[in-house]
1. Using a cut-off of 14 Å between beta-carbons, work out the net charge of the residues near Phe63 (Lys and Arg +1, Asp and Glu -1, Phe63 not included).
2. Using a 10 Å cut-off around each Cβ, can you sort Ser138, Ser147 from fewest to most neighbouring Cβ atoms?
3. All other residues with a Cβ under 14 Å from the Cβ of Met75 taken together, and with Lys, Arg as +1 and Asp, Glu as -1, what is their net charge?
4. For a footprinting-style exposure proxy, rank Ile126, Ile51, Ile106 by other Cβ within 10 Å, fewest first.
5. Of the cross-linked pairs Lys60/Lys158; Lys46/Lys74; Lys74/Lys161, which ones have a Cα-Cα span greater than 24 Å in the structure shown?
6. Using a basic spin-label model with each label point 7 Å from the Cα along Cα→Cβ, how many nm lie between Leu163 and Glu70?
7. Using a Förster distance of 35 angstrom, determine the FRET efficiency expected from the C-beta separation of Ala78 and Glu108, and round it to 0.05.
8. Would you mind ranking Asp121, Asp95 by Cβ crowding within 10 Å, fewest neighbours first?
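Coordinate-derived values only; no laboratory data. Just so it is clear, the structure is predicted and the values come from calculations on it, not from any experiment. Here Cβ is always computed from backbone atoms with ideal geometry, including for glycine, and neighbour counts include all displayed protein chains.
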Amino acid sequence: MKDYLQYLQEVLGLQSLMIAEPSANAASGRTQFFTPQGPLDLGERKHFELIFLNIVTQEKESFFLPQVRELFDKMKAAMKLRNIQILELDCTVEDRSLLPSQLAEICEGKVVVVFSSFPKDIGELIFKGPGKWLETYSPSYLLEDASAKKVVWNDLQKVMKELAL
């Protein structure tokens, strides 16, 4: 995690990225959440219709990187997301089974799309906590394996149908 933060700061020139010091939560196995805009500060807004949660295991997977961001923005544009509350988060996670409860401590979403290079239960809308979760391939994975784009598009269409878009 320290190398990742150093990379983001030195190579990409980004500043203050985490909501807490990595060592404080990493030792306890806590999931780290951060936004492309900087520290996570939701204020009073705790409920979102759609949450995009990007699991980061390597630096090249972050929403912060321009090529990943560009593809992700195209994916959102294709979904025609208008007039709905959206939250976008990168996260590092020790135990994926705790992810729903740890996210619920911060906020909740009607639908949570989990992006990962190694999704579990791919393409299935599953109730986890107060909303439905769908796991699919991350935008960074699609940059390496374009053949998975059709799978992701089918998954995003399920989300669109769930949200009546």
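1. So the environment of Phe63 carries a net charge of -2.
2. Final ranking by Cβ density, sparse to dense: Ser147, Ser138.
3. +3
4. Ordered by Cβ neighbours within 10 Å, fewest first: Ile126, Ile106, Ile51.
5. Long pairs (Cα-Cα over 24 Å): Lys60/Lys158; Lys46/Lys74.
6. For the pair Leu163/Glu70, the computed spacing is 2.4 nm.
7. Details: r = 25 Å, r/R0 = 0.72.
According to the calculation, E is roughly 0.85.
8. Asp95, Asp121
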